[in-house]
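*Asks:* Dropping the structure in here first, questions after.
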Amino acid sequence: MPNTLQTKSNIFVSPAWIPSIMLFIVCLLAFYPGFMSPDSINQFAESLSLHFTDWHPPLMAAVWSVLNTLIHGPFGMLFLQLGFYWGSLFILADMAWRRGSHVWWLWLLFGLLPCTLNFIGVIWKDVGLAVAYLAAAANLLCAHTDKRKPNLSVLVLILYGIGMRWNGLPAALPLIYWWFMLRYPKWNYRICLISTVLAGVFSVVLLAQVSYKVLRAEVTSPWQILILHDLAAVGCGTGQNLIPTEFVNANMNTSDICAAYTPMWNDPLFAYFANPRPPLHYNSAKAAMLPKIWLHTVLDNPRIYIEHRSAFFAKFLRIGESKAYFYLYNTVIQNAFGISHQPNALILAHAWYINLFESSFILKPWFWCVLATVLLVISVRRKILPVTMASVSGLVYVFPYWFIGPTADLRYSYWLILSTTFAAIVLIMHKNLPNIAVSKT
């Protein structure tokens, strides 16, 4: 293998080129036209009607509507997700090879892990956020090793990721901070930190303007389900019905609510499987009264609330659980649009492969939290900024789910898994990656 960077300037010389293209094509064939859950179907419907709501972030449906003009259906979104995914991993593998790393192929192995390959074919906002942040991190790492300033396209990727999920901002802040550190190397960490906070505020304001002024998204108060789940938990703990009558079916009483309640998820109470579904009130005074009721309830019953949220989070992390939970989604739910997925040998092999790890720690979020924490400690001591930023990004993304997690689905930790794997590989390769140890962490 050539040893000089100059002789490796042509990307077609890179050994990562052909396998990256092949893996991209294989995934397109396996997952075609793109797996879709009820959430995906709802967002696809909005992309067709151009009537957007904020139950799911409007930006994803708006992007989908643009892609529909090129190819109708989920395939455009699938192509975009896989392009971000395998494109990022190719960039990273090529960069590592150019730097003389003999384990450049770890970046392609990254894409084949059961915990990263499991969801990449599902058209979800969780996946959209994760692959956008991965693309941003890949570009930042390349800029870091080349000792050059990252361009504004990295911020566009980060902004896109925030727009994919309302709770994506905390995970974006470490990446934005990394961008400022590289873009303005003479700034100290305080200036970079202040700039990061201001950029975060600007991102929220900008996305709100785009969502509600440009896209004219309807306000639907999606937080109602979270509050009602908490109220049900405290009510069952105290023997009281704390849910306002406006949010309860006429034939439901306190015993019915408590029989349906579980800390693990709120679906039996308020989502797809309740029959009939309790009423939710969109953009109304009825919904607006819930936060005050919730605050009073939590302050009056902090122990029950903490036990409820802690029980949820333990289930989410799969602490003490023998199997992973909701770790594979490989279908298109029945829909009115005639979209379906025809099983093929590739997707059957994919399902067999992922199911092999059903009881493995690799599909349990607690492992990734522990690994990210270990990597964070090591990187801070060694002053390896990329590892620090990636680890922090994953951790600050997943821990707020203690407060806001609706169900114990593995998909909510998808960015944690990607960011931690990214950090681990950077740490393994750091001796071949110049300029990544800094003093301004």
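*Asks:* Of (1) in contact (Cβ under 8 Å) with a residue 12 or more places away in the chain; (2) surrounded by fewer than 20 Cβ atoms within 10 Å (Cβ to Cβ); (3) basic (Lys, Arg), Arg98 satisfies all except one. Which?
*Replies:* (2)
*Asks:* How many residues does region 277-314 contain that are acidic (Asp, Glu) and without any contact (Cβ under 8 Å) to a residue 12 or more places away in the chain?
*Replies:* Number of matching residues: 1.
*Asks:* On to the next question. Suppose we filter Leu173, Leu193, Leu129, Leu159 for residues that are assigned by TED's automatic domain parsing to the domain that holds Leu29, under 21 Å from Lys383 (Cα atoms) and surrounded by 19 or more Cβ atoms within 10 Å (Cβ to Cβ); which single one remains?
*Replies:* Step by step, each of Leu173, Leu193, Leu129, Leu159 is checked, and only Leu173 is assigned by TED's automatic domain parsing to the domain that holds Leu29, under 21 Å from Lys383 (Cα atoms) and surrounded by 19 or more Cβ atoms within 10 Å (Cβ to Cβ).
*Asks:* Being out of contact with any Phe, Trp or Tyr (no Cβ under 8 Å at 6 or more places or on another chain) and surrounded by 24 or more Cβ atoms within 10 Å (Cβ to Cβ) is the filter here; which residues of region 111-123 pass it?
*Replies:* none
*Asks:* From (1) of a type outside the set (S, T, N, Q); (2) closer than 28 Å to Tyr325 by Cβ; (3) under 24 Å from the mean Cα position of the chain (by Cα), pick out the condition that doesn't hold for Gly235.
*Replies:* (3)
*Asks:* Is it true that some residue in region 321-337 is part of a strand (DSSP E or B) and assigned by TED's automatic domain parsing to the domain that holds Leu113?
*Replies:* Narrowing region 321-337 to residues part of a strand (DSSP E or B): 332.
Among the residues that remain, those that are also assigned by TED's automatic domain parsing to the domain that holds Leu113 are: none.
No, region 321-337 contains no residue that is part of a strand (DSSP E or B) and assigned by TED's automatic domain parsing to the domain that holds Leu113.
*Asks:* Can you name the number of the only condition in (1) over 20 Å from the mean Cα position of the chain (by Cα); (2) assigned to a helix (DSSP H, G or I); (3) within 25 Å of Thr407 (Cα to Cα) that Cys369 fails?
*Replies:* (1)
*Asks:* Here's a follow-up. Restricting attention to region 291-312, which residues are touching a Gly at 6+ places or on another chain (Cβ under 9 Å) and assigned to a helix (DSSP H, G or I)?
*Replies:* Scanning region 291-312 gives Thr297, Arg303, Ile304, Tyr305, Glu307, His308, Arg309, Phe312.
*Asks:* Does region 252-261 contain at least one residue that is modelled with pLDDT under 85, assigned to a helix (DSSP H, G or I) and closer than 18 Å to Tyr305 by Cα?
*Replies:* yes
*Asks:* Could you identify the single residue in Tyr397, Tyr412 that is under 27 Å from Ile191 (Cβ atoms) and touching a residue at least 40 places away in the same chain (Cβ under 8 Å)? Break it down stepwise before answering.
*Replies:* Details: Tyr412 fails: under 27 Å from Ile191 (Cβ atoms).
Selected residue: Tyr397, the only one of Tyr397, Tyr412 that is under 27 Å from Ile191 (Cβ atoms) and touching a residue at least 40 places away in the same chain (Cβ under 8 Å).
*Asks:* Is region 72-81 home to any residue that is modelled with pLDDT of 95 or more, touching a Cys at 6+ places or on another chain (Cβ under 7 Å) and small (Gly, Ala, Ser)?
*Replies:* no
*Asks:* Here's something else I'd like to know. Checking Val156 against (1) part of a helix (DSSP H, G or I); (2) in contact (Cβ under 8 Å) with a residue 12 or more places away in the chain, which test does it fail?
*Replies:* Tallying (1) part of a helix (DSSP H, G or I); (2) in contact (Cβ under 8 Å) with a residue 12 or more places away in the chain, Val156 fails exactly one: (2).
*Asks:* Sort out which residues of region 101-128 are touching a residue at least 60 places away in the same chain (Cβ under 8 Å) and assigned to a loop (DSSP other than H, G, I, E, B), and write them in order of number.
*Replies:* Ser101, Val103, Trp104, Trp105, Leu113, Asn118, Phe119, Ile120, Gly121, Ile123, Trp124, listed by residue number.
*Asks:* Report yes if Leu418 is in the same structural domain as Trp124 (by TED's automatic domain parsing) and among the hydrophobic types (A, V, I, L, M, F, W, C), otherwise no.
*Replies:* In short, yes.
*Asks:* Moving on. Can you name the condition, by its number, that Ala345 falls short on among (1) surrounded by 15 or more Cβ atoms within 10 Å (Cβ to Cβ); (2) more than 29 Å from His102 (Cβ to Cβ)?
*Replies:* (1)
*Asks:* I'd like the full set of residues that are at pLDDT below 95, surrounded by 12 or more Cβ atoms within 10 Å (Cβ to Cβ) and outside any loop (DSSP other than H, G, I, E, B), limited to region 1-37.
*Replies:* The answer is Lys8, Ile11, Val13, Trp17.
*Asks:* Can you tell me which residues in region 196-238 are surrounded by fewer than 15 Cβ atoms within 10 Å (Cβ to Cβ) and assigned to a helix (DSSP H, G or I)?
*Replies:* Val197, Leu198, Val201, Phe202, Val204, Val205, Leu206, Ala208, Gln209, Lys213, Val214, Thr238
*Asks:* Can you confirm whether region 379-391 contains a residue that is of a type in the set (Gly, Ala, Ser), part of a loop (DSSP other than H, G, I, E, B) and either free of Cβ contacts under 8 Å to residues at least 12 places away in the same chain or buried (at least 16 other Cβ atoms within 10 Å of the Cβ) (or both)?
*Replies:* No, region 379-391 contains no residue that is of a type in the set (Gly, Ala, Ser), part of a loop (DSSP other than H, G, I, E, B) and either free of Cβ contacts under 8 Å to residues at least 12 places away in the same chain or buried (at least 16 other Cβ atoms within 10 Å of the Cβ) (or both).
*Asks:* Go through (1) assigned to a helix (DSSP H, G or I); (2) over 28 Å from Asn335 (Cα atoms); (3) among the β-branched types (Val, Ile, Thr) and name the single condition Val131 misses.
*Replies:* Of the numbered conditions (1) assigned to a helix (DSSP H, G or I); (2) over 28 Å from Asn335 (Cα atoms); (3) among the β-branched types (Val, Ile, Thr), the odd one out for Val131 is (2).
The values are calculated or read from the model by the stated rules, or taken from the named source; none is laboratory data. All values derive from a computational prediction rather than experimental measurement. Note that we place each Cβ from the backbone using ideal geometry, even for glycine, and neighbour counts take in every protein chain shown.
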